[in-house]
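K.L.:
Sharing a structure with you now.
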Amino acid sequence: MQKQESYTLEKGEATQEFDDDGQIKRTGTWMSASAHIITAVVGSGVLSLTWCLAQLGWIFGSFLLVVFAVISWYTCTLLTNCYRSPHPVTGARNYNYMQAVKTNLGGRQYIICAIAQYGTLIGVSIGYTITSSISMGAIKRSNCFKKYGHDKGCHTLNSPFLLIVACIELVLSQLPNFHKLSFLSIIAAIMSFVYSTIGMGLSIAKIAGAGLPKTSIGMPTREDVSSKDKTWDIFCAIGDIAFAYGFADVLVEIQAYLSLSLYIYVVNTNYCEKKI
């Protein structure tokens, strides 16, 4: 029985326990894939978009949102088509971003993309760590204002919270089968919708409230900001918008854990749509 099963896997056919590539049968579903994608897309970067639009203005800010959205869409389409190549059904599987690049480009481009990807992952991880510590400090400062009033300084150091977040990340990174904790993505997806809805509600309430002067295109910005600080804020806003769209490189890994039947159904559906 073992020889027959091994022979079947070498032929590239799926069995009850393994997929056609010899890996343990994938169990990814629409729900788990959607939860992973929502968690990756609706990250903490969306919370700073209101500040970004305030620095860039409605016209240039909205233009950059559309530009980065188109770039991300095009990148996601390329990575999706590179998952199995050269044929979308019978081609070799690329389980992550680097394998997809190596299969389609190889050589020097593979090394360059590796440096770019790992540099991006390190930068995004540092950004999330800093954002978490700043958010924790903001909660403490908000409680201080509520308790003592806004006349009190309520200065809060973010360094202790930075150490707390880093220690939690170190502990979680030591978990052995961390990739199997799919319920974390579902919880994170729910939280993404929650804080996005809260942020949108607060923005609408702020605009609808009285007491703020308005211009023909929105609210006026601060006039006590120097040209140097304004230039720096503009570049920071552009970086924050790019940070909010930094999720495309994980789509290949999400797609790699879809069940074989679900993946074939999606490929066949897209193939039929292109034929029509």
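K.L.:
Rank these for me by crowding, Arg141, Arg84, going from fewest to most other beta carbons within 10 Å.
P.N.:
Arg141, Arg84
K.L.:
Okay, moving on. Give me Leu53, Leu78 sorted ascending by neighbouring Cβ count inside 10 Å, so fewest comes first.
P.N.:
Sorted ascending by nearby Cβ count, the order is Leu78, Leu53.
K.L.:
Hey, if you drop one equal point scatterer on each alpha-carbon of region 83-168 and run the Debye formula without solvent, what base-10 log of I(q)/I(0) do you get at q = 0.22, 0.25, 0.26 Å⁻¹?
P.N.:
Results for region 83-168 at q = 0.22, 0.25, 0.26 Å⁻¹ read -0.98, -1.08, -1.12.
K.L.:
Considering Cα pairs under 8 angstrom that are at least six residues apart, work out the relative contact order of region 37-153 and quote it in whole percent. Before the final figure, lay out the partial values.
P.N.:
Values: 37 pairs, mean separation 15.1, N = 117.
Normalised by residue count, the contact order of region 37-153 is 13 percent.
K.L.:
Can you list, largest first and rounded to whole Å, the semi-axes you get for region 23-144 by taking the square root of 5 times each eigenvalue of its Cα gyration tensor?
P.N.:
33, 19, 16
K.L.:
Out of every Cα pair in region 110-215, what percent are spaced more than 18 Å from each other?
P.N.:
Considering region 110-215, 72 percent of its Cα-Cα pairs are separated by more than 18 Å.
Read-outs throughout are calculated quantities, based only on the coordinates presented, and are distinct from any laboratory measurement. Because the structure is a prediction, the values reported are computed rather than measured. Ideal geometry is used to build each Cβ from the backbone, glycine not excepted, and the neighbour counts take in all protein chains shown.
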